[in-house]
Amino acid sequence: MKKSVPVICAHFVIILAVIIALGVASVVNGSTEAEGNEKFTGELETNCTLRILENDTAKEQGYLDALLTAFNEEYAEYGIVAVDANMDQYTDLETGGPYGYGPDVLYQANDSLMKYVDGKHIMPLPVEEMECYSYISDKAWDAYTSTVSGQEYVFGVPVNIQQPLLYYRKDLLPDNWEDEWDDDKDGIPDMVEYWTDLYRYSKQIKEESGGTKYGYMKSLNDGYFASGYFFSYGGYVVGGDDGRDTTDIVFSNGDGYLGGKIIWQLASVMNSECEDDSITKNAYYRLASGAYFATMTTPDVYSLFYEELVSEYESQGYTTSEAEALTEENLVVTTVPKLPVSGDLEDESQGFKEMTVMGGVNGYAVSSYTKYPNAALAFVEFATSYEMITTRSEMLGISPARSDVAEEQGGLNEVIYENLDNGTIYVMPSVRALSQVWTLLQTFCAILAADALSGDNVYTDMEVLKARLVQVDEQIYAAINTLVS
């Protein structure tokens with residue numbers, strides 16, 4: 001993983017007039033004008049300042065500075081300057097935008113951005129004419145597509161694909177793993193291929209260390225990550241033909257309750273920190289210190305694990321170059337393990353299945369309140385170019401939504417891109433009501449974890465587990481659909 005900013009020597013050219021020539025919004029099934037889209041005239045505003053809202057990681061790791069510098073050099077002749085919006089990464093455009101306090105361009109996850117469509121806070125974009133359009137899969141564009149007055153419009157430009165990944169320390173594998181932990185003899189440790197083996201290895205580490213070290217550790221109350229266990233056995237969130245029917249949320253569908261059983265079993269080899277967000281906060285340090293063997297999170301935080309592990313090796317007396325080499329060798333990121341078909345981490349008799357994970361697509365949108373829509377669109381075009389997405393991938397470890405960059409980067413990036421297309425990534429629905437889902441699911445998962453660690457074992461009874469999950473579905477339905485007078 002490269003840690004320096006590559007020099008962007010190629011002259012970046014944006015043919016904005018061609019992009020906007022028709023002055024109409026791009027749609028999935030044709031082109032038709034949408035409210036706000038008439039602002040894209042094809043004529044760049046000059047001598048203006050664009051406020052760019054990026055995520056904290058991009059800011060902390062220097063990517064935003066690199067992007068702003070490159071863009072400002074390219075557009076200096078127009079007097080266009082892009083600056084850090086200096087706002088919280090979760091700034092609510094709906095609250096501040098109408099009063100002039102919002103950013104001109106914002107980068108967030110698809111579900112965060114698309115909630116702004118209802119109030120017309122972001123504009124439909126002419127994406128079909130953008131340079132990046134043909135390099136991004138339909139599934140990624142779908143995440144930013146919404147129907148307005150019977151027509152489909154695209155309101156954001158995908159940048160990277162998010163899905164849970166397994167992070168682990170190669171140097172914390174047992175010395176005998178090739179003999180004792182590679183039953184299929186494929187040269188890959190079983191504990192990073194199968195949840196059953198990761199569970200067994202985690203139990204071993206916890207017992208042998210007396211609870212001072214752990215195998216797999218994750219905040220199990222995090223609905224984004226926990227939902228995948230339910231999805232893998234038939235559950236789903238927001239059904240209907242268009243994936244936006246908030247009356248159809250059924251985590252208990254099919255054998256969804258088995259996802260709850262998996263969460264209960266995983267909690268049993270952790271500690272009480274898995275009941276809240278403690279592990280989410282301390283995973284970087286704990287993985288680096290060797291207290292954790294593995295965790296699960298998204299690809300865009302690789303740099304945080306990297307820096308923490310480099311620092312750990314340096315504290316042990318290694319030079320910076322030696323520490324970086326060791327980190328690149330021992331910090332491994334891979335796809336999540338396969339789940340047992342049985343839904344029981346102690347039963348491999350029925351074989352294994354790929355895990356379906358909750359994912360998302362992060363991207364850029366343009367605020368409806370910007371005074372400089374054409375300049376803002378030019379910034380989005382620049383930021384989603386091959387050069388800048390490559391730079392973002394190299395600096396932050398993201399999985400690019402552009403197929404050409406994904407192919408160039410190879411390895412896991414190609415796998416994630418394929419996972420989006422084949423459906424093993426369940427894209428976060430872009431509906432406002434989703435916020436009501438996570439609090440209730442989070443509470444349920446925390447209860448399962450507490451039950452496993454306390455020894456109460458209430459939810460080892462599958463009928464009790466099933467009934468409780470059905471109740472969660474009912475509570476979610478009530479929270480979303482019941483009006484209280």
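The values are calculated or read from the model by the stated rules, or taken from the named source; none is laboratory data. Note that the coordinates shown come from a computational prediction; the quantities given were computed from them, not determined experimentally. Ideal geometry is used to build each Cβ from the backbone, glycine not excepted, and the neighbour counts take in all protein chains shown. Heads up: the accessible areas ignore ligands, DNA and RNA and are worked out on the full protein's heavy atoms, side chains in. Shrake-Rupley method; radii C 1.70, N 1.55, O 1.52, S 1.80 Å.
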Open item on the list: Given a 1.4 angstrom probe, I'd like the percentage of the accessible area of the chain that is carbon and sulfur, rounded to a whole number.
Closed with: 46 percent
Open item on the list: Filter the chain for me: DSSP H helices, axial length by Cα at least 27 angstrom, mean Kyte-Doolittle hydropathy not below -0.5. List them by residue number.
Closed with: 434-454, 462-481
- [ ] At 1.4 Å probe size, with every protein chain present, just tell me what the per residue accessible area of the chain comes to in Å².
- [x] 41 Å²
Open item on the list: Sort 469-482, 246-259 by the packing proxy (mean of other Cβ within 10 Å over each peptide's residues), most packed first.
Closed with: 246-259, 469-482
- [ ] Can you give me the three principal axis dimensions of segment 197-337 from its C-alpha atoms, in Å, biggest first?
- [x] 58, 35, 24
Task: For the chain, calculated [θ]222 nm from helices alone, where every DSSP H run of n ≥ 4 adds -39500 (n - 2.57) - done: -11500 deg cm²/dmol
- [ ] Based on the mean of other Cβ atoms within 10 Å per residue, sort peptides 143-156, 371-384, 56-69, 165-178 so the most packed one is first.
- [x] 371-384, 143-156, 56-69, 165-178
TODO: Please list Arg286, Arg402 in order of solvent-accessible area, largest first, computed with a 1.4 Å probe with all protein chains present.
DONE: Arg286, Arg402
- [ ] Report ³J(HN,Hα) in whole Hz for each residue of segment 44-54, in order, from the Karplus equation J = 6.51 cos²θ - 1.76 cosθ + 1.60 where θ = phi - 60°; Gly and Pro get x.
- [x] 5, 6, 10, 6, 9, 10, 9, 9, 10, 9, 10
TODO: Enumerate the amide H contacts of Ile80 below 5 Å, restricted to partners 5 or more residues apart or on another chain; note that Pro and chain-start residues carry no placed amide H.
DONE: Asn47, Cys48
Open item on the list: If you scale each eigenvalue of the Cα gyration tensor by 5 and take the root, what three semi-axes come out for segment 265-423, rounded to whole angstrom and sorted largest first?
Closed with: 32, 24, 17
TODO: Run the 1.4 Å probe and let me know the accessible area of Trp181, rounded to the nearest 10 Å².
DONE: 10 Å²
Task: Burial order of peptide ranges 199-207, 226-234 (average beta-carbon count within 10 Å, highest first) - done: 226-234, 199-207
TODO: Please report, to one decimal in angstroms, the Kirkwood hydrodynamic radius of the chain built from all distinct Cα-Cα pairs.
DONE: 23.8 Å
TODO: Quick one: pull the percentage of alpha-carbon pairs in segment 384-485 with a separation above 18 Å.
DONE: 67 percent
- [ ] Report, by chain and number, residues whose modeled amide H sits under 5 Å from the one on Asp248, excluding near sequence neighbours (fewer than 5 apart, same chain).
- [x] Gly239
Task: For Gly102, distant residues with modelled amide H under 5 Å away - done: Gly97
Task: Overall dimensions of segment 247-296 as given by Cα atoms, namely Rg and Dmax in Å - done: 14.4, 46
